[in-house]
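K.L.:
Below is one structure. I have some questions about it.
Please treat every number below as a calculation from the coordinates, not as lab data. No experiment lies behind these values; they were computed from the predicted model shown. Note that we place each Cβ from the backbone using ideal geometry, even for glycine, and neighbour counts take in every protein chain shown.
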Amino acid sequence: MTDTASRPDAQTSIPDRPSLEGLEEKWDGVWSEQQLYAFDEDTTRDQVFSVDTPPPTASGSLHIGHVFGYSQADMIVRYQRMRGKNCFYPLGWDDNGLPTERRAQNYYGVRCDPSLPYDPDFTPPQEGGSNKSSKAANQVPISRRNFIELCERLTTLDEKSFEEVFRTLGLSVDWNHSYQTIDARSRATSQRAFLENLAAGQAYQSEAPTMWDVTYRTAVAQAEQEDRERDGAYHRIGFTRTNAAENAESTVYIETTRPELLPACVALVAHPDDERYQDLFGTTVTSPLFGVEVPVKAHPLAQADKGAGIAMICTFGDSTDVVWWRELELPTRSVIGRDGRFLPEAPWITTPEGQAAYAELVGLTVFSAQKRVVEMVKESGDLVGEPTKISHPVKFYENGDKPLEFVTSRQWYLTNGGRDSSEGGLRDELISRGQELTWHPAYMESRYRNWVEGLAGDWLISRQRFYGVPFPVWYAVGEDGETDYDTVLTPAVEDLPIDPTIDVPAGYSEAQRNQPGGFVADPDILDTWATSSLSPQLAGGWNSGAESGGLFEKVYPMDLRPQGHDIIRTWLFSTIVRSHLQQDALPWKHASINGWILDPDRKKMSKSKGNVVTPIGLLHQHGSDGVRYWAGRARQGVDTAFDEGQMKIGRRLAIKILNASKFALGFGEAPADPAGRLAADPAVVTDPLDRALLAQLATVVEQATAAFEEMDYARSLEVVEPFFWAFCDDYIELVKERAHGNSPAGEAGAASARAALAIALEVQLRLFAPVVVFATEEVWSWWRDGSVHTQPWPEAAPLREAAQGQDAALVDSVAQAAIVVRRLKSDAKVSQKTPVLSVTVEAPGSALAHLEAAAADLTALGRIEALELVAGEGEEIRTRDAVLGEPPVKQPRNKG
RNA sequence: GGGUCGUUAGCUCAGCUGGUCAGAGCGUCUGGUUUACACCCAGAAGGUCGGGGGUUCGAGCCCCUCACGACCCACCA
């Protein structure tokens, strides 16, 4: 029996009642054990399809949006694997950074206090706290090292449960190449990249006003900021002219939403062309309450139609203030500290009254200080009328809940084109990189370009946090005890990763730490994006030591970056920046952008809802194939409604694949294809209907292939799925009597049907395999060797040859005839089993030949005793002169 | 204010370079227990393709404009 396609015991391997239950666990186990998706390192770049998979943030729970995006990427990868590519498809974890810190704080009820010593026996006060923020007062302060240990413990837990979900989902990830953005190799890679940027002049420090989150006490990069609409109010406040002319008003009124910044005022500004303020330019005015004399300046950024047309410049209320401060060369008068409270000293306020007023604000939060200042200007009469309530956008850190403030501090920056808009400069180069990349869908490129063109400065990469990759630098301390930030001490590359707060720079001893003539560590950590932006280098082993002929050369630049459109400005852009600076290359050829999951009411899926409907719950309820189907029906980049209805349809499809396969295989075996290209010998496929089916299938294969070549899994599914249902409901129904051998066509007709069924089924299993991964694998195991997921993608050519030039339209003609015959019975409201004693079917000339060729199958399906086929007038196939017989006697369903 | 995407049957969506393009599934309704599947099958009803102009022999498909929705960006006094 070695010359048959089916194994001798094939029939016995088909279960009586096929089911989806348990398939995920069963096949994940098999694939894992067989290392089915392992990358073969004995390879060359041209054989590889490499994927820069998003490392999920390991903080909390997976969202249904993850399942959506990762499924879509997996479909593309599975297609490439079937096309013979050696797929490099790792999945890492992004576990450093603020989300992890916050989660560890809440989970264990602790907070980091770097001044505390390490306690090796520390036990956290709680385990498994809620995601809700607990009061800081209830959190136990612990050392940085203890805190980091807890972060690591927690992320390990999370990563395990995430992997479980992804395995259940059937992602064909190679888990051997996993990484964590906090692991030693990642830290070394990130630090090495930074040091090379530093050496190349791409990384630099600067002391400047930066956006600052007062809750987390850290600087925040432009990409992490977002606008939120907040209530505010215009306060109309008068400044007194210092030397008013005889006939002029002695008071100048400004309008401000930040009255608490009155003590930080350094100037007033109006547009140079504004008629109203011409005589004020060059003069000075005195601030109310604080009695500080400030100049009145002209600057084109001031808008005559906004507020009073003249604005108060403070250090700093917003980014316009920063521009004015810089361009008008104004002094710095900071009143807000890093904790968001008013600073104890304001030495530029010299009058006793002013000092007394300021003393009222010291230590207050911005919110309280505003209330107090408003009270004071009301009392003093400097406030005109009632404040006018408005709603306006305010900048927030995306994870924060208090408005950002400007704080002047020393920070590290990485060039990203934000300060180089010169012709052909870095910004232009990065825009060109975006054009070089193939975007799916193409219009996403404009989002990228839009963002790069709008950059306001370089990338601020330092964070004043604890759980992350430390800056691998120290600074020399002068004999005077002052830190010399210009003398940056760096470690040797081979010593990486280092922690400068623990390790000591070459030529120094630990005793010299923080001493005059010694050194100090940089206390900051790198922005989490500054490490995750190196994901191609991390996954590909750029820093593994084997530079030449190693893994990196075999996988980089990568083929595909799949990700969401919300992080084009962050992850996608920063990855391009790093690869451009580091490798002078585009990190990948393609970017596949997936959409967001929306509530059924079209709003962005809320976090709370996403936690109620857990991915693992959905996978169990609808089956992973059902959930994958939902993802597979959605096109790339398109925001998609969360729709369990689609998952149910997917589940039904998977079940149908099991049942239809069982049935199609149950008619008996077909001889194997001597050429080995098809599941059965095409030479025995002689019936016109069977040949027509294979001709149709050839077209389906062509369309599905073309779609997948464009990474358009959705279009492929859209073609394959309807074909499959028609295959089940029409073709199988038409040929089942013949396949059983109960037909005038006899044994040859039966063999033809069985061979066509085997061929068509096998091809369809492969077409479905990238999406419906478990059901197809299950069926494959019933009668074929190996895994469907490592089979070659089907080709149209052998199907066309098997079709022997038969017109594919024959299938449609016969299916149409079947419909009209069924309708006879449907309209008569009788069982489809009811015999048709006689009927005449009219068909247009072309279809008539088709019906004649398949007349035997048609009469079997319709239980037609006397069928007459005639040429009809119109374009449609129709029946006439039908005589129905007696409906069959109903049999009891369960006999015996 | 700038940019991008979308608006097609009750719902979720296909309709690729303009000419069987008015479709699918779900839902609804009417029927059928056809031993692969009731996690099934058959049949039917449902839309002037957001509004208004224009180009064309011909427009969901191209152009203009308006409306609505979503997202991104913007110097937010």
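K.L.:
Please report A:Thr218, A:Thr350, A:Thr123 as a ranked list, fewest other C-beta atoms within 10 angstrom at the top and most at the bottom.
P.N.:
Sorted ascending by nearby Cβ count, the order is A:Thr123, A:Thr350, A:Thr218.
K.L.:
Shifting gears a bit: Between A:Lys160 and A:Ile431, what is the label-to-label distance in nm when each label sits 7 Å out along the Cα-to-Cβ direction?
P.N.:
5.1 nm
K.L.:
Oh, and also: Please determine, in degrees from 0 to 90 and to the nearest 10, the orientation of helix A:573-582 with respect to the longest principal axis defined by the Cα atoms of chain A, where the helix direction is its Cα long axis.
P.N.:
Between the helix axis and the principal axis of chain A, the angle is about 80 degrees.
K.L.:
On a 0 to 90 degree scale, rounded to 10, what angle separates helix A:809-828 from the longest Cα axis of chain A?
P.N.:
Its long axis makes an angle of about 80 degrees.
K.L.:
In whole Hz, what ³J(HN,Hα) sequence does region A:643-656 give by Karplus (6.51, -1.76, 1.60; θ = phi - 60°), x for Gly and Pro?
P.N.:
Per-residue couplings from phi come out as 9, 5, x, 5, 5, 5, 5, x, 5, 4, 4, 4, 5, 4 Hz.
K.L.:
Given Cβ point charges of +1 (Lys, Arg) and -1 (Asp, Glu) and nothing else, what value in debye, to the nearest 20, does the dipole of region A:785-896 about its Cα centre take?
P.N.:
Value, rounded to 20: 900 debye.
K.L.:
Treating only the Cβ atoms of Lys and Arg (+1) and Asp and Glu (-1) as charged, compute the dipole magnitude of chain A about its Cα centre; round to the nearest 20 debye.
P.N.:
Charge dipole, chain A, about its Cα centre: 2500 debye, nearest 20.
K.L.:
Continuing with the same structure: Among A:Gly385, A:Val493, A:Gly109, which residue has its Cα furthest toward the positive end of the charge dipole of chain A, with +1 on Lys/Arg Cβ and -1 on Asp/Glu Cβ?
P.N.:
A:Gly109
K.L.:
Over region A:199-303, what is the percentage of antiparallel beta bridges among all DSSP beta bridges, to the nearest 5?
P.N.:
80 percent
K.L.:
Further, regarding this structure: For region A:560-595, state which trypsin sites (Lys or Arg not before Pro) are in a DSSP loop and have at most 15 other beta carbons lying within 10 Å of their beta carbon.
P.N.:
Qualifying residues, ordered by number: none.
K.L.:
Which residue, A:Phe663, A:Trp529, A:Gly69, has the largest displacement toward the positive end of the dipole of chain A when charges sit on each Cβ (Lys, Arg +1; Asp, Glu -1)?
P.N.:
A:Phe663
K.L.:
Considering the options A:Pro888, A:Leu861, A:Pro54, tell which one lies farthest towards the positive end of the dipole of chain A, charges being +1 on Lys and Arg and -1 on Asp and Glu at the Cβ, about the Cα centre.
P.N.:
In chain A, that residue is A:Pro888.
K.L.:
Taking the Cα centre of region A:260-387 as origin, work out the dipole magnitude from +1 charges on Lys and Arg Cβ and -1 charges on Asp and Glu Cβ, in debye rounded to 20.
P.N.:
For region A:260-387, the charge dipole is close to 340 debye.
K.L.:
For every helix of n ≥ 4 consecutive DSSP H residues, a contribution of -39,500 (n - 2.57) applies; sum these over chain A, divide by its total residues, and give [θ] at 222 nm rounded to the nearest 500 deg cm²/dmol.
P.N.:
After summing the helix terms and dividing by residue count, I get -11500 deg cm²/dmol.
K.L.:
What nm distance separates the two modelled labels at A:Ile616 and A:Asp495, each placed 7 Å from Cα along Cα→Cβ?
P.N.:
Modelled inter-label distance: 4.4 nm.
K.L.:
Please figure out what share of the DSSP beta bridges in chain A is antiparallel and state it in percent, rounded to the nearest 5.
P.N.:
Close to 65 percent.
K.L.:
What FRET efficiency comes out for A:Gln34 versus A:Ala683 if R0 is 22 angstrom and r is the Cβ-Cβ distance? Round to the nearest 0.05.
P.N.:
Calculated value: 0.05.
K.L.:
How do A:Asp681, A:Asp94 rank when sorted from fewest to most other Cβ atoms within 10 Å of their own Cβ?
P.N.:
Ordered by Cβ neighbours within 10 Å, fewest first: A:Asp681, A:Asp94.
K.L.:
Suppose the chain between A:Asp16 and A:Arg715 were pulled fully straight at 0.36 nm per residue; how much longer would it get relative to their current alpha carbon spacing?
P.N.:
Extra length available between A:Asp16 and A:Arg715 comes to 248.3 nm.
K.L.:
Compute the long axis of helix A:746-768 from its Cα atoms, compare it with the longest principal axis of the Cα atoms of chain A, and write down the angle in degrees, 0 to 90, nearest 10.
P.N.:
0 degrees
K.L.:
So how do A:Tyr204, A:Tyr179, A:Tyr448 line up by other beta-carbon neighbours within 10 Å, fewest first?
P.N.:
Lowest to highest Cβ neighbour count: A:Tyr204, A:Tyr179, A:Tyr448.
K.L.:
Roughly speaking, what is the stretch gain from A:Arg410 to A:Glu375, that is 0.36 nm per residue apart minus the C-alpha to C-alpha distance, in nm to one decimal?
P.N.:
Here the answer is 9.1 nm.
K.L.:
At 0.36 nm per residue, and after removing the present C-alpha to C-alpha distance, how many nm does the segment from A:Lys833 to A:Asp584 gain when stretched out fully?
P.N.:
Result for the pair: 82.5 nm of gain on full extension.
K.L.:
Consider a paramagnetic label point 7 Å from the Cα of A:Arg217 along Cα→Cβ; state which residues of region A:513-547 have an amide N under 11 Å from it.
P.N.:
Hits in region A:513-547 for A:Arg217 at 11 Å: none.
K.L.:
Describe numerically, in nm with one decimal, the distance between label points set 7 Å from Cα along Cα→Cβ at A:Leu116 and at A:Gln464.
P.N.:
2.0 nm
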